[in-house]
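We did not get these values from a lab; they are worked out from the coordinates using the rules stated. Fair warning: this is a prediction, and the values are worked out from it, not measured in the lab. Reconstructed Cβ throughout: ideal geometry from the backbone, glycine too, with neighbour counts over all protein chains shown.
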Amino acid sequence: MSTPTPICCPPVTEAALNLESAQRLANVFATLADPVRLQLLSMVACQPQGSCACDFVAPLKRSQPTISHHLKILHQAGLLTRERRGRWIWYTARPEALNEAAALLNC
């Protein structure tokens, strides 16, 4: 009769995230998988007073419609808020959303 192989560590019985949180964060990380969106989020997060979509055209060397498209996706993923100021849409980062994603990486 053979002896059972010892287990190196206790089995994992629980997920750190429930399914709903995992799906929400998977959407966030999929959104951030695009380098332009990651750059945009970084730039917006560095401007606590918010940023206009027009501020990113020159630094990112992209057209205004392309920038607006990427900002819309970041907003839909819950990473940015947006507010109309006159003719322009201003974006700000949502610190709670950024902290939630960062906390997952720091388990």
Pairs please, first residue from the stretch 85-107 and touching a residue at least 60 places away in the same chain (Cβ under 8 Å), second anywhere and assigned to a strand (DSSP E or B), Cβ atoms under 8 Å, 6+ apart in sequence or on different chains. none
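So, in the stretch 42-80, how many residues would count as being of a type in the set (S, T, N, Q) and within 14 Å of the chain's Cα centre (by Cα)?
Let us first name the residues in the stretch 42-80 that are of a type in the set (S, T, N, Q), namely 42, 47, 49, 51, 63-64, 66, 68, 76.
Cutting the leftovers down to within 14 Å of the chain's Cα centre (by Cα) gives us 42, 76.
Adding up the residues that qualify gives 2.
Quickly run through the stretch 83-107 and pick out the residues that are of a type outside the set (Phe, Trp, Tyr) and in a strand (DSSP E or B).
Start the filter on the stretch 83-107 by keeping residues that are of a type outside the set (Phe, Trp, Tyr), which leaves 83-87, 89, 92-107.
Within the stretch 83-107, 83, 84, 85, 89, 92, 93 qualify.
Just one of 83, 100, 96 is charged (D, E, K, R) and under 10 Å from the mean Cα position of the chain (by Cα); which is it? If you could, list the steps in order and put the result at the bottom.
Values: 83 fails: under 10 Å from the mean Cα position of the chain (by Cα); 96 fails: under 10 Å from the mean Cα position of the chain (by Cα).
Sole residue among the options that is charged (D, E, K, R) and under 10 Å from the mean Cα position of the chain (by Cα): 100.
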